[in-house]
1. Please go through region 160-180 and pick out each residue that is over 13 Å from Leu227 (Cα atoms) and acidic (Asp, Glu).
2. Taking region 242-272 as the region of interest, how many residues are assigned to a helix (DSSP H, G or I) and either at pLDDT below 85 or more than 35 Å from the chain's Cα centre (by Cα) (or both)?
3. Which of the residues spanning region 273-325 are in a helix (DSSP H, G or I) and aliphatic (A, V, I, L, M)?
4. Can Thr111 be described as without any contact (Cβ under 8 Å) to a residue 24 or more places away in the chain and either of a type outside the set (A, V, I, L, M) or surrounded by 15 or more Cβ atoms within 10 Å (Cβ to Cβ) (or both)?
5. Taking Val116 as meeting all but one of (1) open to solvent by less than 70 Å² (accessible area, probe 1.4 Å); (2) more than 26 Å from the chain's Cα centre (by Cα); (3) more than 22 Å from Ala243 (Cβ to Cβ), write down the number of the exception.
6. Answer with yes or no whether Ala326 is open to solvent by less than 30 Å² (accessible area, probe 1.4 Å) and at pLDDT below 90.
7. Being exposed (fewer than 12 other Cβ atoms within 10 Å of the Cβ) and modelled with pLDDT of 90 or more narrows it down to one of Ile149, Ile131, Ile96, so name that one.
Amino acid sequence: MYPIGSAALVRALRSISRNVGPTVRRAPVPSSCRAASKRGAVRFSTEGAAPKPAAASSPKPGAVAAGGGSGEVAKTDTPMTDVFFDNAGKIFIGFIVSIIAMVVRSTKGGTNKNSVRDEIENSSALDPFEIDDLRSANPTFDCASFLRIARVAAATFPHGDDVTYSDFVGVVLATLGEGGGAAVTLRNGHLLDRAVFAAGIVGPGAKRAPTVDLFGAEDATAEKYPLLLLLAALSMALGSATASPDERIAMLFECCQTIGGSISLDDGGSGRGEENGVSLASTIDMVGHLQSTCQLPSETQVVATDTKYPIQTHRVASPEDLVRAARKLFAENRGKEEAGEAAEEEDTGRTVLDFGEFAKILKSKHVCVWGECYFPKRKRGNGSG
């Protein structure tokens, strides 16, 4: 056997290399895979390339994670839909529409209130400037003269509900002329005539139909009126320099006592400040006569109705509405728990008022005789008002 030299060995290796093929080099295995292979967690198939794993199906919307068994896919909640952002356009349009509807409703409600107020002003027989002219024209007509007329008229017309205007004027002139010989005539008396004749058309219990001419063919002077209405109209002539608003209210209070009867406060009044009072019915009648003789502002005579939708409507307030609203306001200001319906029931049940309550009603913002509610801080007794 011949020894193999180094040259023969090289040739033999080259021959083997040509027969086997090129040497295949394996890529180095990552250390993490080697560790997993040692634990037996990873197996490589000897049948060729391993198939790609199937894509995991996403969980159905709204599915809830169920069970805890092995191999189950955990189910999760889908996020809630954001209602605001998904409907932002609709919400914005609805908001704008609601604002427009509120503005339209408020505007139409105000228009309705103004139309009722304009109706009151257009039907008024006197305006405030004419009443001021009447007072300024009679500076000597004072409270003493007015009370003397009221007492004589009450004695002359004991029934008080069926007095003709001509008879009343005769009593007024005769009383003013006592001690002086000739009867005294009030200046600008035609304004009183107009107010009284108009009250016979538009006032409470009016019997005559409206006419274009208050002094037309129909003899308005023969119409019968309540004596309290005639005295309320006459109070407009009290001179501004001789009768303050509080003094005029005191005259009206005494008229209610003289015509309606003086009532002891022990019969149901508050017992504050006066020995005698007036009935609630007489107070309501006086407010009605002041309203029909144009001595209340038009603004306070407008009240809201129960019709609030789609538009708030308004109407002319009755004397009962004005007095009830004023007394309800007083009850609320006193902090009574019965304010509201209970306060109204209480006011209806208590039928006697003293002078303080009578004056508060007339000067309240719901009645506001001669516009007194517009001057709460004005000094009394200065002859204005």
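1. Within region 160-180, the first condition is being over 13 Å from Leu227 (Cα atoms), and the residues that meet it are 170, 173-180.
Matches in region 160-180: Glu178 only.
2. Of all residues in region 242-272, those assigned to a helix (DSSP H, G or I) come to 245-260, 265-267.
Then keep just the ones that are either at pLDDT below 85 or more than 35 Å from the chain's Cα centre (by Cα) (or both); that gives 254-255, 257-260, 265-267.
Qualifying residue count for the region: 9.
3. Applying the first criterion (in a helix (DSSP H, G or I)) to region 273-325 yields 280-292, 299-301, 319-325.
Passing the criteria: Leu280, Ala281, Ile284, Met286, Val287, Leu290, Leu322, Val323, Ala325.
4. On the way: without any contact (Cβ under 8 Å) to a residue 24 or more places away in the chain: yes; either of a type outside the set (A, V, I, L, M) or surrounded by 15 or more Cβ atoms within 10 Å (Cβ to Cβ) (or both): yes.
Criteria met by Thr111.
5. Result: Val116 passes all but (2).
6. Numbers: open to solvent by less than 30 Å² (accessible area, probe 1.4 Å): yes; at pLDDT below 90: no.
Criteria not met by Ala326.
7. Numbers: Ile149 fails: exposed (fewer than 12 other Cβ atoms within 10 Å of the Cβ); Ile131 fails: exposed (fewer than 12 other Cβ atoms within 10 Å of the Cβ).
On inspection, the qualifying residue turns out to be Ile96.
The values are calculated or read from the model by the stated rules, or taken from the named source; none is laboratory data. Remember, it's a predicted structure, so these values are computed and weren't measured experimentally. Note that we place each Cβ from the backbone using ideal geometry, even for glycine, and neighbour counts take in every protein chain shown. SASA here: full protein model, heavy atoms, side chains in, ligands and nucleic acids out. Shrake-Rupley method; radii C 1.70, N 1.55, O 1.52, S 1.80 Å.
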